Amino acid sequence: MTGSCSSLVADHFLGTAVDGNVHGQLDVPTPLADLLLSSIMIDTRLKLVADGGKATPLDVSALHALLPLSSFASSSTSSPAVFNSSAPAATDPPSPAALAALKAHNDRLGHAKEDVAHLSARDLLRRDYKEYLVSGRRYGLSTVPLALSTLLDADPSASLAPEERVARLVDAVRSWMDERELDMAGVLTSYVHVKRKSGKEGKHRRELALVLRGGAAHAHGLEGVFEALERDEVLELKEWKDASVYGVAEGGWKGGEQGEDRWRIWQQGNDRATRKQVAPSMKSAVEHVVGAEGNEA
């Protein structure tokens, strides 16, 4: 297990996890070191698993090995362009100046990653997107760093009733499904709850919205995915906390008559379950209701 795939890449080519030392010779241009470090920072936020984060010892080892070769290293501790045996061991502590520069860059990356106010609904859906083919059904999962309420309240048609705003968001997801030829689309949100009355930040939360394409040719047999996911012990799906605000019936909403689209919104009881947990749960739900066939991601 590792927090970032880039740490696996660094370990594969540099062998940093073997004994803490860099082995062999390999040209590592500064921009490449910066790129790998940036990826590790985005994935782990430089927070250790022991502290509730995602960074494992392998991520730390990769970071220590790459940092001396990056632009974040101070001039007094900069390393040669070639990553060879004369480079510092991966276990050598980075200089305070290098760590300060790395932390500053991490903060900039975090702000840039969360600055999505200028993105349209379509852009948000494709910004962090993965697609799967399970038992002949194609579906996608989009991760959005905003609460659904933020998306709904940002609708330019301020005069729309709350229920209409939800319908418009579902329409945007449906358009994305048409573009990608999906039978099903999930939207995973991750955000810090802001209390409506006080404006103070509360707990971290996650939501899951799921839209099924209508019509017997596409959605036949998939309606059971709703119930299968609600029984999932990993996600712990519960009633959407903003259901009453936006006129969504208790337990989610299944829209339209037979042959029309279906959709539901839930709050994740397990707010630590990311797409890495949602995707397997979704796969199991699809296989449960339609049977297991040839699958590919």
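Here, each number is a calculation from the coordinates, and none is a lab measurement. Bear in mind the structure is a predicted one, so any value in this text is a computation, not a measurement. Cβ sites come from the backbone with ideal geometry, for glycine too, and all protein chains shown count toward neighbours.
Taking a straight line from the alpha carbon of Lys113, these aspartates and glutamates sit under 14 Å away, with near neighbours fewer than eight places off in the same chain left out: Asp43, Asp123, Asp128. For region 121-290, the Kirkwood estimate of the hydrodynamic radius, built from every pair of different alpha carbons, is 16.2 Å.
For the cross-link pairs Lys47/Lys241; Lys103/Lys238; Lys195/Lys283, the ones whose C-alpha atoms lie over 32 Å apart are Lys103/Lys238; Lys195/Lys283. The translational diffusion coefficient of region 116-202, from Stokes-Einstein at 25 °C and 0.890 mPa s with a Kirkwood hydrodynamic radius over alpha carbon pairs, comes to 174 µm²/s. For a paramagnetic label modelled on Lys238 (point 7 Å from Cα along Cα→Cβ), amide N atoms under 15 Å away belong, within region 187-215, to 193, 203-208.
If the segment from Cys5 to Ala97 were pulled out straight at 0.36 nm per residue, it would be longer than the present Cα-Cα gap by 30.5 nm.
Here the spin labels are modelled as points 7 Å beyond Cα on the Cα-Cβ line, and at Asp171 and Lys276 they lie 3.8 nm apart.
The peptide list 205-214, 236-245, put in order of mean Cβ contacts within 10 Å with the highest first, becomes 205-214, 236-245. The calculated FRET efficiency for the pair Asp107 and Ser159, based on their C-beta separation and a Förster distance of 25 Å, comes to about 0.05.
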